[in-house]
Amino acid sequence: GCVNGKCCSRYPSSPDGGSDLCGELRPYKSKHILTQPSLEIVHVPSHNFTLQYSILTQLVYYQDTVEREHQDSFCIKTQIQVNPNVHVFGVFDGHGQYGAQCSNFVNDILVEILSSDSTLLDDPLKAYTSAFLAINSELHDSEIDDTMSGTTAITVLDVGDTLYVANVGDSRAVIAVKNGDQILAEDLSVDQTSFRKDEYERVKLCGARVLSIDQVEGFKDPNIQNWGEEENEGGDPPSLWIPNGMYPGTAFTRSVGDSTAEKIGVIADPEISVVKLTPNHLFFVVASGGVFEFLPSRTVVNMVTAYTD
């Protein structure tokens, strides 16, 4: 999974003066660790604060497929539109046979689209939504076969003291909030899966069958449309299937790409949340499902909080 967090050498800056770290993977001690520890700093002059950020990319270990392709990518772009107060952090979790290509495609052009949008600072919500829909269309029209492949996307646009968090899929952003003597974990996004009643009903109206693998294989009653809580039932989640077939089997209800799943309600429309930063906001973490499939938000925040650096 890819993590943008608060721990962490220097990376080169982009020609416009901002830092441009888009999916550049570098070897580290273990072959499963794909990035060096790093700490970058960018100043936000409009509100006189400093933003520190770092990256960690690590391959998930699968016992039966040790050499499995890494399909995640990340992007950090500071000083969007040469503005020292505007920065983007993103994680893209590819899936399917061509998931890596889909992930890198979205990674490559998201910042490009946002950077060229003259309405970005006037209406970030509209610009964000337009960007994802445009990218989805461009991916469909590209040479990449996204019939059964695609990527989720979780991105944070920092404009001065305001965070705009756009989510497509089941990756996640979480922020740490100081509350008295406690540090709380507050989700900045909500996973888009069939565990959510609203998403479940939406894809059902689009013709999707929603079944777990056990239900598909006949071990459980397919008429029982209740799968409990996501953190308790994550091992066999409800997935989406076409009415008369055994595919595509996506466990998320939104993504970029996945043109087959799009026919049964999987959409690229992002859900966007807005957070006004205060001194009580300590750090935020942006990570793929490779992290949050196994670790609750609370645990992730606790892990980061344990380090003073």
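Here are a few things to note about the model shown:
- For the range 193-251, the Cβ-based charge dipole about the Cα centre amounts to some 340 debye (Lys, Arg positive; Asp, Glu negative; other atoms uncharged).
- Highest mean packing comes first when the peptides 118-131, 199-212 are listed by Cβ atoms within 10 Å, giving 199-212, 118-131.
- The modelled label-to-label distance between PHE49 and ASN179, using points 7 Å beyond Cα along the C-beta direction, is 1.8 nm.
- Mean Cα-pair separation over length for the range 193-251, i.e. relative contact order, pairs under 8 Å, 6 or more apart, %: 37
- List VAL274, VAL159, ordered by accessible area with a 1.4 Å probe, largest first: VAL274, VAL159
- Ligands, DNA and RNA aside, LYS197 has an accessible area near 150 Å² when probed at 1.4 Å.
- Only one residue of ALA251, GLY265, LEU211 has its Cα farthest out toward the positive end of the dipole of the range 176-268, where Lys and Arg carry +1 and Asp and Glu -1 on Cβ, and that residue is GLY265.
- Karplus-derived 3J(HN,Hα), 6.51/-1.76/1.60, for each residue of the range 182-198, Hz, glycine and proline x: 9, 10, 9, 9, 10, 5, 9, 9, 10, 3, 9, 9, 6, 5, 7, 4, 5
- Basic side chains Lys and Arg get +1 at the Cβ, acidic Asp and Glu get -1 at the Cβ, and with that the dipole of the range 196-297 about its Cα centre reaches some 340 debye.
- Cross-link table LYS220/LYS263; LYS77/LYS204; LYS178/LYS204; LYS126/LYS220, entries beyond 31 Å C-alpha to C-alpha: LYS77/LYS204; LYS178/LYS204; LYS126/LYS220
- The range 193-251, accessible area per residue, ligands and nucleic acids excluded (1.4 Å, Å²): 59
- Centroid-to-centroid separation of the range 116-140 and the range 170-237 [C-alpha atoms, Å]: 27
- Summary value for the range 132-254: 19 percent relative contact order, contacts being C-alpha pairs under 8 angstrom separated by 6+ residues.
- Modelled spin-label separation between GLU271 and ARG298, with each label point placed 7 Å from Cα along the Cα-to-Cβ direction: 2.0 nm.
- Using the average count of surrounding beta-carbon atoms within 10 Å as a protection proxy, the listed peptides 140-153, 215-228 rank, highest first, as 140-153, 215-228.
The values are calculated or read from the model by the stated rules, or taken from the named source; none is laboratory data. Because the structure is a prediction, the values reported are computed rather than measured. Reconstructed Cβ throughout: ideal geometry from the backbone, glycine too, with neighbour counts over all protein chains shown. Accessible surface is based on the protein model in full, side chains and every heavy atom, while ligands, DNA and RNA are left aside. Shrake-Rupley method; radii C 1.70, N 1.55, O 1.52, S 1.80 Å.
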